[in-house]
Amino acid sequence: GSYPIDRIRGDFPILSEEVHGKPLVYLDNGASAQKPSAVIDQISKTYETGYANVHRGVHYMSQIATDAMEDARRKAQMFLNAADEKEIIFVRGATEGINLVASSWGRANLQEGDEIILSVLEHHSNIVPWQIVAEQTGAVIKVVPIDDAGIFLMDEYEKLLSEKTKMVAVTHVSNALGTIVPVEDVIRLAREKEAFILLDGCQAAPHLPVDVQALDVDFYVFSGHKLYGPNGIGVLYGKEALLDAMPPYQGGGEMIDRVTFEKTTYADLPHKFEAGTPNIAGGIALKTAIDWINQIGLDKIVSYEKELMDYATEELSKIESIQFIGQAQEKAGVISFLVGDIHPYDMGMILDKLGVAVRTGHHCAQPVMDQFCIPGTLRASFAVYNTKEDVNRLVEGVKKAQTMLS
Ligand code: PLP
């Protein structure tokens with residue numbers, strides 16, 4: 001069937017807001033997506049009709065909240081096609097998920113001289129946690145380079161892999177360039193060396209179907225807020241046997257079996273990794289966000305967004321002296337560019353005055369910017385509710401800014 005763009009846009013109240021007297025064109029979805037009414041309403045509904053702390057009370061409200069949170073876990077399990085709900089750990093977001101693995105898995109499994117492979121494409125949150133654990137354990141970080149189109153260099157990756165490789169942690173889709181990394185090949189090659197694999201799925205989960213069993217990946221993370229869900233909730237998927245063998249990340253309530261001052265035993269999965277009161281209303285509304293995505297269908301989203309990205313690339317390329325940063329064939333969600341020698345920040349300010357929200361800067365991916373010897377880019381990042389009209393407003397805005405700034 002066709003793509004119900006009007007109904008989709010109608011689901012997002014913020015899209016009828018005006019910015020500086022202009023209708024909002026929101027193209028900063030890579031940083032955070034807007035929320036449909038269903039998600040916003042679910043947050044209120046939880047507090048109004050079904051709220052208490054989870055996993056603690058025998059009383060009615062605690063049961064309701066606990067059941068809803070566990071439903072959300074099963075929904076996330078299905079979304080990623082994980083084998084078991086125990087493999088879904090609720091975290092604050094991708095950053096916390098990666099820190100959990102780097103800290104818990106890393107400190108238990110990495111030794112002096114072991115190697116961790118990352119790529120130039122990584123977001124800082126898939127670099128710094130590994131640097132911290134490398135420093136603590138004596139492990140060494142190796143970095144897969146990219147070419148001038150922003151493509152992950154598989155040959156170079158293959159050369160870096162060795163018996164010393166213990167972990168390969170790479171992004172599924174680059175947040176700075178939009179490059180889709182061929183993760184099937186990344187995983188297959190890592191397996192040959194018996195290395196473990198973490199994929200940062202922040203920019204993939206909203207744009208591509210993800211099947212952790214088909215991928216045979218060890219760890220996968222995403223953030224709810226980029227997936228039309230609330231802030232402060234995200235998912236770490238991990239294979240049960242690995243999570244089971246890992247020590248806790250944080251200690252506290254919810255994650256224990258029995259506490260005495262002599263010895264404490266830990267709760268079973270997934271609760272072992274969920275110390276403290278979680279984001280209850282956020283977790284419950286993450287289920288709503290996933291339901292909302294599913295009723296459109298990721299297959300439809302993929303083809304709609306591809307058409308939109310193609311249109312945007314074509315229209316933007318008509319602008320004189322535009323330079324696309326990241327020109328991989330396989331891209332999702334993101335178009336990064338510069339215009340002449342105009343500073344991205346100046347261009348971004350003018351676009352904002354015209355009601356067009358784009359991101360400017362290094363996008364928390366400074367190694368990518370270093371590769372292209374630039375301090376930053378303008379980044380238009382797309383979502384289910386963007387339209388060709390949004391693209392036209394962006395292109396007009398860039399042209400206007402160009403005239404004003406040159
Ligand atoms: N990884 C990628 C590829 C991202 O794009 C982001 C957010 O921009 C993150 C990780 C960090 O996500 P969060 O800030 O939600 O933890």
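Here is how the numbers come out for the structure above:
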{"quantity": "Contact order normalised by residue count of the range 336-381, Cα under 8 Å, 6+ apart, percent", "calculated": "46"}
{"quantity": "Environment charge at Thr171 (Cβ cut-off 12 Å; Lys +1, Arg +1, Asp -1, Glu -1)", "calculated": "-2"}
{"quantity": "Positive-end residue, the range 53-187 charge dipole about Cα centroid, Cβ charges, pick of Trp130, Ala108, Ser119", "calculated": "Ala108"}
{"quantity": "Euclidean distance of C-alpha centroids, the range 1-55 and the range 76-101, integer Å", "calculated": "23"}
{"quantity": "Spatial separation of Cα centroids for the range 303-317 and the range 206-272, in angstrom", "calculated": "36"}
{"quantity": "Given charges at Cβ of Lys, Arg, Asp, Glu: the range 192-328 dipole, positive-most of Leu199, Phe324, Pro248", "calculated": "Pro248"}
{"quantity": "Proximal aspartates and glutamates relative to Lys353, as straight alpha-carbon distance under 17 Å, when same-chain residues fewer than 8 apart are discounted", "calculated": "Glu17, Glu18, Asp28, Asp390, Glu396"}
{"quantity": "With Cα atoms, 0 to 90° folded angle of helix 60-80 axis to the chain main axis", "calculated": "60"}
{"quantity": "10 Å Cβ shell holding at most 11 others, DSSP loop, trypsin sites (Lys or Arg not before Pro): longest site-free stretch of the chain", "calculated": "1-262"}
{"quantity": "Where a label projected 7 Å from the Cα of Glu48 along Cα→Cβ would reach, residues of the range 220-240 with amide N under 19 Å", "calculated": "230"}
{"quantity": "Kirkwood Rh, angstrom, the range 267-356 [1 / mean 1/r, Cα pairs]", "calculated": "17.3"}
{"quantity": "GluC sites (Glu not before Pro) lying in DSSP loop within the range 30-120, provided at most 10 other Cβ fall within 10 Å", "calculated": "Glu112"}
{"quantity": "Under 20 Å from the Cα of Lys164 - aspartates and glutamates, other chains or at least 8 residues apart", "calculated": "Glu112, Asp114, Glu115, Glu135, Asp155, Glu156, Asp185, Glu192, Glu194, Asp218"}
{"quantity": "Cα-based helix-to-principal-axis angle, 128-137 vs the chain, degrees rounded to 10", "calculated": "40"}
{"quantity": "Computed label-point distance, nm, for sites Asp341 and Gln329 using a 7 Å Cα→Cβ extension", "calculated": "3.6"}
{"quantity": "Total formal charge among the other residues, if their Cβ is under 13 angstrom from that of Lys86, Lys/Arg +1 and Asp/Glu -1", "calculated": "-4"}
{"quantity": "Charge dipole magnitude, Cβ of K and R +1, D and E -1 - the chain, Cα centre, debye nearest 20", "calculated": "800"}
{"quantity": "For the range 367-406 and the range 130-159, distance of Cα centres in Å", "calculated": "29"}
{"quantity": "For the chain, fraction of C-alpha pairs farther apart than 33 Å, in %", "calculated": "35"}
{"quantity": "Out-of-range pairs (alpha-carbon distance over 19 Å; input Lys142/Lys226; Lys45/Lys287; Lys166/Lys239; Lys86/Lys272)", "calculated": "Lys142/Lys226"}
{"quantity": "With Cα atoms, 0 to 90° folded angle of helix 37-49 axis to the chain main axis", "calculated": "30"}
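Read-outs: derived from the displayed coordinates by stated rules, not from any lab. Everything numeric in this text was worked out from a predicted model, so none of it was measured. Backbone-built Cβ (ideal geometry, glycine too); neighbour counts: all protein chains shown.
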